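A short write-up of the structure that comes next.
The values are calculated or read from the model by the stated rules, or taken from the named source; none is laboratory data. Keep in mind that this is a model prediction, so the values were computed, not measured. Positions of Cβ are generated from backbone atoms using ideal geometry, with glycine treated the same way; all protein chains shown enter the neighbour counts.
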Amino acid sequence: MAGLTKVEIYTDGACSGNPGPGGYGVVIRFTDSAGVLHEKELSKGFPSTTNNRMEVSAAIAALKELNRPCRVDLYSDSQYLCRAFNEGWIRTWKAQDFRRGKSSEVKNIDLWEELLEVMKPHQVTFIWVKGHAGNPVNERCDRLAVAAYETLDENP
């Protein structure tokens, strides 16, 4: 996939309680051919969700923003998200129809299927970063995610 635009995406999900009000934050960054850095922030809050749903939703929202195929480095502090791809869990889940063993379904199937779909035009590498450890862009995503659920109308 030579010639693709290189994009860095940072994502984070947050919840107050699990489940509870939650949100995600995203920072999308790329440098154009003139060397100018462009950034876009996204965030959205939900009245009742889980942290894992927010982590995967952040990746989906970010990839949906890309208007052409890209080479993406996606940074997340979610081991759930990164390990699903880096350790091959997603291939196993998909091969087993999103089941773990005979009776247990993988959680958040709807989001995993959507993520796989929005990834198709892109070359995505998932990179785990330690959360709350001073990475300025990861910390910015966390602030966006928390603000997104804190500003919901009365947090129903």
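If you take the residues of the range 104-125 that are under 17 Å from GLN79 (Cβ atoms) and touching a residue at least 24 places away in the same chain (Cβ under 8 Å), which of them is surrounded by the fewest Cβ atoms within 10 Å (Cβ to Cβ)? The selected residue is THR125. Is it the case that some residue within the range 8-21 is farther than 15 Å from TRP128 by Cα, under 15 Å from the mean Cα position of the chain (by Cα) and either touching a residue at least 40 places away in the same chain (Cβ under 8 Å) or crowded, with 22+ Cβ neighbours inside 10 Å (or both)? Yes, there is a match, as at least one residue in the range 8-21 is farther than 15 Å from TRP128 by Cα, under 15 Å from the mean Cα position of the chain (by Cα) and either touching a residue at least 40 places away in the same chain (Cβ under 8 Å) or crowded, with 22+ Cβ neighbours inside 10 Å (or both). There is at least one residue in the range 39-48 that is under 24 Å from LEU144 (Cα atoms), without any contact (Cβ under 8 Å) to a residue 40 or more places away in the chain, acidic (Asp, Glu) and part of a strand (DSSP E or B). Considering only residues in the range 45-97 that are in contact with a strand residue (DSSP E or B) (Cβ under 6 Å, 6 or more places away or on another chain) and among the aromatic types (Phe, Trp, Tyr), the one that is surrounded by the most Cβ atoms within 10 Å (Cβ to Cβ) turns out to be TYR75. When restricted to residues that are touching a Pro at 6+ places or on another chain (Cβ under 7 Å) and either under 16 Å from VAL129 (Cα atoms) or at pLDDT below 95 (or both), the range 49-78 contains 0.
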